[in-house]
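Inspection log for the structure reproduced underneath, given as structure tokens.
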Amino acid sequence: MSGFSAEWLALREPADHRARNVVLRDQMSDLLRATSRLNGERVRILDLGCGTGSNLRALAAFLPQRQHWTLVDYDAALLSQARATLSAWADVVSCDGDGLAIEKSGKYIDITFARRDLAAGIEEVLADPWDLVTAAAFFDLVSPDWIARFCNALQAPLYTVLTYDGVERWMPPHRADQIVLDAFHLHQVTDKGFGPAAGPAAIALMNTALTARGFQLSLAQSPWKLGHATQALMRALSSGAAAAVAQTDKVSTDVLDSWLVARKAATSCEIGHWDLLAIMGN
Ligand SMILES: C[S@@+](CC[C@H](N)C(=O)[O-])C[C@H]1O[C@@H](n2cnc3c(N)ncnc32)[C@H](O)[C@@H]1O
């Protein structure tokens, strides 16, 4: 099991879908439509760290009519929840061996579920002929070394969304905001299974490595803008941050408790993310 519960992923999914940058999404959509016109086949998409399949649910409507998704995660419980959630989301479901074949709003989507630890052997996964490699809320978990390996092995267009950039603005402000955020960032760069994590540096590292490989990059911000309608997510976010900060021993319990009480009553917050589209140069 990973540190991500299906409940947490379900809570964040609507905010994630709203935050995605539409300009980059439309560029990716044009690219995949062109690919499908060219080869006349279903597009083959690899989703890294798929959780319960939120990325597929966000993107299917913007992709060609026939799609084959390979959803990869190392968490068996999340993969099993992905199958259940995607089946419930579909208009028509037919099972296809271990995978799933679904129809949704006129799209025909075949899904393969792959349980795999991506910390090992990413090169093998990327060696298959993908039309698109994608991931949502994933790249801040991996290490700078893993990013270098990934970028070296990438042979397909990459579309990755919602990579955390470390910028947070909570209203009303609290006197401990900065020390809590600094401690949270220390936790962000601890090992999440790939070696010490890149955390908020991930997008800059990917930008440098992919540009050096000759990919053409587009980058755009995709912040969560949370408020009254997303109180439950803001509260869960504050509790999660406080638990992470407590593990660092950098903020006294009194200060952290007072910060958490204030944050649970916050009226709004903005959490910075970036989306990235990388297309192979000619
Ligand atoms: C923040 S969640 C994002 C899930 C999903 N992409 C979404 O947008 O809802 C990160 C995901 O990465 C997966 N993950 C973390 N480390 C992994 C590893 N070493 N191999 C495969 N998946 C991993 C977790 O199980 C989790 O599903």
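The values are calculated or read from the model by the stated rules, or taken from the named source; none is laboratory data. This is a predicted model, so every value here is computed, not measured. Quick reminder, even Gly has a Cβ in these numbers, built from the backbone with ideal geometry, and neighbours come from all protein chains shown. Keep in mind that these areas ignore ligands, DNA and RNA; they rest on the heavy atoms of the full protein, side chains included. Shrake-Rupley method; radii C 1.70, N 1.55, O 1.52, S 1.80 Å.
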- Message: How tilted is helix 253-264 with respect to the longest principal axis of the chain? Cα atoms for both, answer in degrees (0 to 90, nearest 10).
- Response: 60
- Item | the chain: angle of helix 6-19 to the longest principal axis, Cα-based, in degrees nearest 10 | 80
- On the formula 1/(1 + (r/R0)^6), with r taken between the Cβ atoms of Arg235 and Arg175 and R0 of 22 Å, the FRET efficiency rounded to 0.05 is 0.60
- D_trans [Stokes-Einstein, Kirkwood Rh over alpha-carbon pairs] for the chain, 37 °C, 0.692 mPa s, µm² s⁻¹: 167
- Potential extension, Val22-Val93 segment - 0.36 nm per residue separation minus Cα distance: 22.7 nm
- Item | Spread of Cα-to-Cα distances over 5 Å intervals beginning at zero, given as percent, for the stretch 195-282 | 3, 12, 16, 15, 14, 14, 10, 8, 5, 2, 1, 0
- Task: Any lysines with Cα under 29 Å of the Lys250 Cα? List them, leaving off those in the same chain fewer than 8 positions away.
- Result: Lys192, Lys225, Lys264
- How high is the relative contact order of the chain, in percent, with contacts defined as C-alpha pairs under 8 Å that are six or more residues apart? 21
- Query: Per residue and in cubic angstrom, what volume does the convex hull of the Cα atoms of the stretch 91-182 have?
  - Reply: 178
- Message: Highest mean first, how do 64-74, 249-259 rank when packing is the count of other Cβ atoms within 10 Å averaged over residues?
- Response: 64-74, 249-259
- Please give, to one decimal in nm, the separation of the simple spin-label points placed at Arg213 and Glu41, each 7 Å out from Cα toward the Cβ. 2.1
- Per residue, how much space in cubic angstrom lies within the convex hull of the C-alpha atoms of the stretch 1-71? 87
- Message: Can you give me the angle between helix 202-212 and the longest principal axis of the chain, using Cα atoms only, in degrees from 0 to 90, rounded to the nearest 10?
- Response: 40
- Report the convex hull volume per residue for the stretch 1-133, counting only C-alpha atoms, in Å³. 115
- Item | Pair Asp191, His228: separation of 7 Å Cα→Cβ label points (nm) | 4.7
- Query: Accessible area per residue of the stretch 162-228 at 1.4 Å probe, in Å²?
  - Reply: 50
- Item | Equivalent ellipsoid semi-axes - Cα gyration tensor, the stretch 177-239, angstrom | 28, 18, 10
- Query: Roughly to the nearest percent, how much of the accessible area of the chain is carbon and sulfur, given a 1.4 Å probe?
  - Reply: 54
- Share of Cα-Cα pairs in the stretch 130-282 lying beyond 26 Å, as whole percent: 33
